[in-house]
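The values are calculated or read from the model by the stated rules, or taken from the named source; none is laboratory data. Owing to the predicted nature of the structure, the values given are computational and were not obtained by experimental measurement. Backbone-built Cβ (ideal geometry, glycine too); neighbour counts: all protein chains shown. With ligands, DNA and RNA removed, areas are computed over all heavy atoms of the protein, side chains included. Shrake-Rupley method; radii C 1.70, N 1.55, O 1.52, S 1.80 Å.
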Amino acid sequence: MLLCSSMMCADFGALRDEVQVLDTAGVDIFHCDIMDGTFVPNITMGLMDVKAIRAATDKPIDCHLMVENPSAKVDLFLDAGVDIIYIHPESERYVVKTLAHIKERGASTGLVINPDTSIETVSEMLNLADYVMVMTVNPGFAGQKFIDFTAKKIDRLAALKDEYGFKLMIDGACSPARVREFSARGVDGFVLGTSALFGKGKPYAECLEDLRQGKDY
Ligand code: DX5
Ligand code: ZN
């Protein structure tokens with residue numbers, strides 16, 4: 001199971017310490033939400049935050065680009081040494097071309113789809129995706145309610161992942177109960193924000209251990 005810490009939920013007054021504690025606690029991937037205030041109605045992390053995280057850990061970093069025309073921005077993040085770049089097909093005209101470019105630069109590709117987007121819309125793009133992430137909330141904010149109808153899409157993608165060879169991830173309202181439930185339904189990885197990791201009043205290491213054991217808290 002890939003457990004990804006949603007870094008927009010971390011304490012930015014102590015970012016380096018947060019990264020090091022999460023690293024030691026057993027986080028698999030550092031998830032960085034990059035927003036432009038246009039594709040989504042919020043602005044959170046930026047390139048300099050990603051560079052600071054890169055300097056503090058050797059573990060994989062992903063950038064979830066919630067920006068218009070991500071093809072024009074992916075090189076900034078690749079140059080910063082990130083390992084995985086997620087783009088939204090809803091904001092990019094040439095998705096396959098952009099995914100191919102990310103691969104050519106030696107990074108892994110991620111396709112992340114909004115609750116509005118159907119599998120039919122993205123089926124050709126699955127060919128070039130190392131990771132497919134289903135948004136289970138509308139992107140932009142932590143602490144939202146899980147959108148139940150996305151579960152059907154998750155099940156359908158779980159049935160396709162071996163054929164296409166991608167890892168299936170979910171982002172948004174991943175509580176301990178949902179991690180347990182969707183892990184059993186074939187989801188490989190989870191973005192952990194306020195629902196399971198940050199502000200829970202217990203050490204990150206214990207949260208991650210409980211999630212791996214399927215425990216509630
Ligand atoms: C946006 C973020 C959020 C968030 C997830 O892409 O990745 O979805 O931090 O955490 P929750 O929903 O648990 O606060
Ligand atoms: Zn995200």
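Annotations
This table checks each residue for (1) of a type in the set (Lys, Arg); (2) touching a helix residue (DSSP H, G or I) at 6+ places or on another chain (Cβ under 7 Å).
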residue: 44; (1), (2): no, yes
residue: 58; (1), (2): no, no
residue: 64; (1), (2): no, no
residue: 93; (1), (2): yes, no
residue: 112; (1), (2): no, no
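- Residue match in the stretch 30-41 (condition: touching a Ser or Thr at 6+ places or on another chain (Cβ under 9 Å), aliphatic (A, V, I, L, M) and farther than 30 Å from residue 164 by Cα): no
- Taking the stretch 1-44 as the range and being open to solvent by 40 Å² or more (accessible area, probe 1.4 Å), of a type in the set (A, V, I, L, M, F, W, C), assigned to a helix (DSSP H, G or I) and farther than 15 Å from residue 141 by Cβ as the test, the residues that pass are 12, 21.
- Where residue 194 falls short, out of the listed (1) over 17 Å from residue 7 (Cβ atoms); (2) in contact with a helix residue (DSSP H, G or I) (Cβ under 7 Å, 6 or more places away or on another chain); (3) within 12 Å of ligand 1 (Cβ to nearest atom): (1)
- Residues of the stretch 184-217 that are surrounded by fewer than 17 Cβ atoms within 10 Å (Cβ to Cβ) and within 15 Å of residue 168 (Cα to Cα): 184, 185, 186.
- Selected residue (criterion: farthest from ligand 2 (Cβ to nearest atom)) from residues of the stretch 117-132 that are in contact (Cβ under 8 Å) with a residue 40 or more places away in the chain and outside any helix (DSSP H, G or I): 130
- Scan the stretch 50-66 for residues that are open to solvent by less than 10 Å² (accessible area, probe 1.4 Å) and free of Cβ contacts under 8 Å to residues at least 40 places away in the same chain and the total you get is 5.
- When we screen 74, 67 for residues that are within 16 Å of residue 31 (Cβ to Cβ), in contact with a strand residue (DSSP E or B) (Cβ under 7 Å, 6 or more places away or on another chain) and among the aliphatic types (A, V, I, L, M), the only hit is 67.
- The stretch 103-150 - residue that is of a type in the set (Asp, Glu) and either over 22 Å from residue 34 (Cβ atoms) or open to solvent by less than 30 Å² (accessible area, probe 1.4 Å) (or both) and, of those, nearest to ligand 1 (Cβ to nearest atom): 148
- Checked against the criterion of being small (Gly, Ala, Ser), away from ligand 2 (no atom under 16 Å from the Cβ) and within 22 Å of residue 174 (Cα to Cα), the stretch 5-13 has no qualifying residue.
- Residue within the stretch 30-37 that is aromatic (Phe, Trp, Tyr) and within 15 Å of residue 193 (Cα to Cα) present: yes
- The listed residue being over 30 Å from residue 201 (Cβ atoms) and part of a strand (DSSP E or B), out of 110, 106: 110
- Look at the stretch 133-160: where a residue is of a type in the set (Phe, Trp, Tyr) and a partner is away from ligand 2 (no atom under 14 Å from the Cβ) and open to solvent by less than 60 Å² (accessible area, probe 1.4 Å), sitting 6+ places away or on another chain with Cβ atoms under 8 Å, you get 146/175.
- Residue selected from the stretch 165-196 under the condition out of contact with any Pro (no Cβ under 8 Å at 6 or more places or on another chain) and in a strand (DSSP E or B), by the criterion nearest to ligand 2 (Cβ to nearest atom): 191
- Any hit, the stretch 52-71, residues being basic (Lys, Arg) and over 24 Å from residue 2 (Cα atoms): no
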